[in-house]
Amino acid sequence: AANPLAQFVQGPRGAALDAYWMPFTANRQFKKNPRLFVKAQGMHYWTDEGRQVLDAVAGLWCVNAGHNRPKIVQAIQQQAAEMDYAPPFQMAHPKAFELADKVAKLTPAGLNKVFFTNSGSESVETALKMALAYHKVRGEGTRTRLIGRERGYHGVNFGGISVGGMVANRKQFGAMVSGVDHIVHTHDPKRNAFSMGQPEHGAELADDLERLVALHDASTIAAVIVEPVAGSTGVLVPPKGYLNRLREICDKHGILLIFDEVITGWGRTGNPFGAQTFGVTPDIIVMAKGLSNGAVPMGGVAVKQHIHDAFMNGPEHLIEFFHGYTYSSHPLACAAALGTLETYADEGLLTRAGELSAYFAQAVHGLRGEPNVIDIRNIGLVAGIELSPIAGSPAKRAFDIFLDCYEKGVLIRTTGDTLALSPPLIIERSHIDQIIDTVRGAIRRHA
Ligand code: PLP
């Protein structure tokens with residue numbers, strides 16, 4: 001078959017690839033040997049060379065229902081033909097309300113107001129601004145401090161990188177949002193290496209929040225933001241009791257608890273949200289990715305009623321919350337999300353990770369003992385396989401294994417020297433076997 005990218009890819013697949021400055025990519029390495037997808041269906045991608053690649057990361061932790069699902073495709077096609085755009089400020093369209101209602105029914109009890117954005121990063125900024133403004137409208141305007149966690153990832157905007165705790169995402173950019181501090185991370189391989197599911201040790205690490213309260217005083221702290229499972233920093237599953245303890249300390253001091261569920265949301269851990277899997281309800285949930293199955297960019301923020309209601313004062317003709325995006329609740333995104341939620345419901349996908357997690361855990365932990373594997377972490381349908389770095393070349397071993405897996409027909413992801421798996425929730429056992437066999441082969445080839 002003719003190469004559909006022939007017109008773009010000239011000579012050694014190089015010249016016409018120049019203009020695009022790729023995000024979070026080793027640009028020079030990529031352009032020497034590009035990896036291009038041109039088609040997707042179900043669990044698979046196809047490259048421009050016609051090779052089939054099994055998707056073990058749901059695109060980028062987002063295509064939870066699998067690729068090109070009919071109800072999502074149809075919803076997008078119909079919406080595109082019917083109405084392209086409607087302004088979300090002082091105007092709306094019906095699907096925005098329908099979607100918010102459906103999302104609110106899936107979030108933990110009490111979180112029943114939903115604000116829409118276009119990405120995880122925008123959702124993070126929205127949540128942080130809501131938290132600050134909430135305290136202000138209640139007359140506690142001294143609560144201006146935001147607390148994140150070391151090794152946290154909350155997108156790439158200034159608020160997100162400030163509360164975030166991944167040094168590479170911060171060090172190039174100088175000044176951060178002021179008044180931010182961080183609690184310690186929960187990664188403790190000495191005590192918890194090769195834990196299946198939640199690690200036993202580390203609930204007490206939540207007490208680090210008490211240290212920051214003692215340092216700054218609770219009256220200056222607006223909110224704490226954490227990922228229930230830290231994803232981009234290597235799949236760090238919360239120790240048993242840790243999130244409960246964090247919740248207790250927040251309650252004790254009137255601090256809002258924000259869960260960034262951009263990865264853990266939409267079925268990844270066996271429930272619609274990680275909050276439900278871990279039995280801890282935050283005040284605010286940040287979501288994106290699986291909300292629209294990656295088909296059209298979309299994010300959202302779900303909040304407790306009382307947070308929303310605190311804003312509903314003053315003259316009724318005045319705007320209550322001075323925040324929003326031109327493309328908040330975009331018709332195409334709402335249509336895609338409604339098609340996504342229907343697909344999740346039809347196929348029971350939001351609980352399927354729980355059904356498959358034992359098989360997945362056994363398979364992933366079967367890599368224990370392979371060369372350089374120093375830890376394996378998992379929950380639901382997400383796993384991290386940590387490798388010892390090549391001396392003097394951090395992240396190189398994992399990157400080489402990623403390239404090897406890709407050549408062998410499996411797409412995985414890496415962060416530092418951790419391999420991450422986060423497959424679409426439609427995955428079958430045979431796919432799990434193929435992923436693990438491929439990863440095992442690559443790990444051995446790069447020993
Ligand atoms: N928050 C978390 C926990 C994430 O994992 C991500 C992306 O991976 C984001 C925020 C940022 O989302 P986006 O890339 O859509 O801005």
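The values are calculated or read from the model by the stated rules, or taken from the named source; none is laboratory data. Being a predicted model, the structure only gives us computed values, none of them experimental. Here the Cβ is made from the backbone with ideal geometry for all residues, glycine too, and neighbour counts use every protein chain on show.
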* Asked: What about Arg145, is it under 21 Å from Leu246 (Cβ atoms), at pLDDT 95 or above and of a type in the set (Lys, Arg)?
  -> yes
### Query
Within segment 114-122, is even one residue in the same structural domain as Ala275 (by TED's automatic domain parsing), loosely packed, with under 15 Cβ neighbours inside 10 Å and among the acidic types (Asp, Glu)?
no
When restricted to Thr281, Thr269, Thr326, the only residue out of contact with any helix residue (DSSP H, G or I) (no Cβ under 7 Å at 6 or more places or on another chain) and in contact (Cβ under 8 Å) with a residue 60 or more places away in the chain is Thr326
By my count, helices (runs of 4 or more DSSP H) wholly in segment 325-443 with at least 2 residues that are under 26 Å from Gly50 (Cβ atoms) are 396-407
Selection over segment 247-271 where residues are crowded, with 24+ Cβ neighbours inside 10 Å, away from the ligand (no atom under 16 Å from the Cβ) and assigned to a loop (DSSP other than H, G, I, E, B) yields a count of 1
Of the residues in segment 312-359, those that are at positive phi and surrounded by 15 or more Cβ atoms within 10 Å (Cβ to Cβ) come to Gly324, Ser329
Counting only residues in segment 320-365 that are β-branched (Val, Ile, Thr) and closer than 30 Å to Ala80 by Cα, the one farthest from the chain's Cα centre (by Cα) is identified as Thr326
Among the residues that make up segment 210-223, is at least one of them within 18 Å of the chain's Cα centre (by Cα), crowded, with 17+ Cβ neighbours inside 10 Å and within 16 Å of the ligand (Cβ to nearest atom)? no
Those residues of segment 340-377 which are closer than 30 Å to Leu99 by Cβ, aliphatic (A, V, I, L, M) and without any contact (Cβ under 8 Å) to a residue 60 or more places away in the chain amount to Ala345
Subset of segment 224-234, residues assigned to a loop (DSSP other than H, G, I, E, B) and either within 11 Å of the ligand (Cβ to nearest atom) or of a type in the set (S, T, N, Q) (or both), comes to Glu227, Pro228, Val229, Gly231, Ser232, Thr233
Picked from segment 150-196 (must be assigned to a loop (DSSP other than H, G, I, E, B), of a type in the set (S, T, N, Q) and in contact with a helix residue (DSSP H, G or I) (Cβ under 9 Å, 6 or more places away or on another chain)), the residue nearest to the ligand (Cβ to nearest atom) is Asn157
Note on segment 197-209: residues of a type in the set (A, V, I, L, M, F, W, C) and in a loop (DSSP other than H, G, I, E, B) are none
For segment 145-172, pairs from a residue that is surrounded by 23 or more Cβ atoms within 10 Å (Cβ to Cβ) to a residue that is modelled with pLDDT under 95 and of a type in the set (Phe, Trp, Tyr), with Cβ under 8 Å and 6 or more apart or across chains, are Ile161/Phe173
Taking segment 186-201 and keeping only residues that are under 17 Å from Leu246 (Cβ atoms) and either surrounded by 19 or more Cβ atoms within 10 Å (Cβ to Cβ) or touching a residue at least 60 places away in the same chain (Cβ under 8 Å) (or both), one is left with Thr186, His187, Gln198, Pro199
Residue set Ala109, Ala58, Ala75; condition at pLDDT 95 or above, surrounded by 13 or more Cβ atoms within 10 Å (Cβ to Cβ) and outside the structural domain of Ala395 (by TED's automatic domain parsing); output residue Ala75
Those residues of segment 293-321 that are closer than 18 Å to Ala104 by Cα and without any contact (Cβ under 8 Å) to a residue 60 or more places away in the chain come to a total of 2
